[in-house]
Amino acid sequence: MQKRRLGRTDLLVSQICLGSMTWGQQNTETEGHAQMDLAFARGVNFIDTAELYPIPPKAETQGRTETIIGNWMKARGNRDRVLLATKVVGRTASDWFRGGRPSKLVRADIFDAIDKSLAKLGTDYVDLYQIHWPERDVPWGANPTRVGGTPPRADSTSGDETPIVETLAVFDELVKAGKIRHFGLSNESSWGLMRFITESEKGIGPRAVSLQNAYNLVNRTFEVNLAEACAREDVSLLAYSPLGQGYLTGKYDHGARPAGSRSQLFNRGQRYETPNAAEVLLEYSELARSFGMEPALFAGAYVASRPFVASSIIGATSLPQLEIALAAAAVVWTEDMQ
């Protein structure tokens, strides 16, 4: 499996990253360990998780995923062979992360988050520590490209919003304390990315090395502005949801809702249930099959083949699903497919 450089660092990450958000909810610890065993046997060296996981977020399950990963690394004795990424939540009213109060990207909350994550993961450091979503008042999801009913704030210090420079300084402390090696962003916009980079170039905090945003056949908003920003600033895209939350696997075609699927269990697929989406998704399924490929393999291969994707973050709830997701790295993407 190809390895690609992460930003301006010396880290070489596998072009497939193993996502983990089902472990502890849809998957047991034993199943999570089996997925990690299989992925690393296929050449993966990169695992992505978050203090939030598993999904859907709940007080009674929060943190299970990190614990499952920590137990696996301890059992295998392989921490030195794992590139490990986790995340701190952005602003949230959910009070179970910080012991009964809301959370913001301020020093006390970030330190609380990293210390809890390190304890669950059973390690002294993480290779990549990411902000899961902005604290700013922007729409949740994927690549923030619009501002709904709330006008954008004129500057990053208005209201009670934590200034980016203040948040970034905390990550500088984490690097100097040896708790994290590198800093990344997630669900971030072009403006946010450039503000973080501008402040870091003034000497305040670490420079962002990666951006974890959604990217797939039916969500290509990254290409509009972020692609240029990331290319010129050497920020690596870690593409999540390459299968569009399962909608690009064909399993939801013609309105199907298979028992045990995420959409059937949790009703969280609204991102991919917009007007005309069903027709487009069906066309992609038919296109994949015209090349003799399962839709999941075709969609995964598309993302893995993009030159601006450093690593495609895959997720699975079964080993057969995981085999298909891993196989995408070996597909030669042709001009005919494009």
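Couple of notes before you dig in:
- Residue within region 17-34 that is aliphatic (A, V, I, L, M), buried (at least 21 other Cβ atoms within 10 Å of the Cβ) and part of a loop (DSSP other than H, G, I, E, B) present: yes
- Among (1) modelled with pLDDT under 95; (2) among the small types (Gly, Ala, Ser); (3) open to solvent by less than 50 Å² (accessible area, probe 1.4 Å) - the single one residue 255 does not satisfy: (3)
- Filter result (under 17 Å from residue 244 (Cα atoms), outside any loop (DSSP other than H, G, I, E, B) and open to solvent by 30 Å² or more (accessible area, probe 1.4 Å)) within region 284-338: 284, 286, 287, 297, 305, 321, 324
- Contact map, region 310-338: residues that are closer than 17 Å to residue 45 by Cβ paired with residues that are open to solvent by 50 Å² or more (accessible area, probe 1.4 Å) and of a type outside the set (Gly, Ala, Ser), Cβ distance under 6 Å, separation 6+ or inter-chain. Pairs shown: 326/42; 329/1.
- Among the residues of region 108-126, those that are more than 17 Å from residue 176 (Cβ to Cβ), more than 20 Å from the chain's Cα centre (by Cα) and either surrounded by fewer than 18 Cβ atoms within 10 Å (Cβ to Cβ) or of a type in the set (A, V, I, L, M, F, W, C) (or both) comprise 108, 112, 119, 122.
- Looking only at residues in region 40-77 that are assigned to a loop (DSSP other than H, G, I, E, B) and of a type in the set (D, E, K, R), the one that is surrounded by the most Cβ atoms within 10 Å (Cβ to Cβ) is 51.
- Checking each residue in region 83-107 for being open to solvent by less than 20 Å² (accessible area, probe 1.4 Å), without any contact (Cβ under 8 Å) to a residue 40 or more places away in the chain and more than 20 Å from residue 137 (Cα to Cα) picks out only 98.
- Leading residue by the ranking (most open to solvent (accessible area, probe 1.4 Å)) among those in region 206-224 that are in contact (Cβ under 8 Å) with a residue 40 or more places away in the chain and not in a strand (DSSP E or B): 224
- Checked against (1) crowded, with 19+ Cβ neighbours inside 10 Å; (2) touching a Pro at 6+ places or on another chain (Cβ under 9 Å), residue 191 meets all criteria but (1).
- Residue in region 154-171 that is modelled with pLDDT of 95 or more and open to solvent by 60 Å² or more (accessible area, probe 1.4 Å) present: yes
The values are calculated or read from the model by the stated rules, or taken from the named source; none is laboratory data. Just so we're clear, the structure is a prediction, and the values are computed from it rather than from any experiment. In this analysis, Cβ positions are derived from the backbone assuming ideal geometry, glycine residues included, and neighbour counts consider all displayed protein chains. Surface accessibility is based on the protein's heavy atoms, side chains included, excluding ligands, DNA and RNA. Shrake-Rupley method; radii C 1.70, N 1.55, O 1.52, S 1.80 Å.
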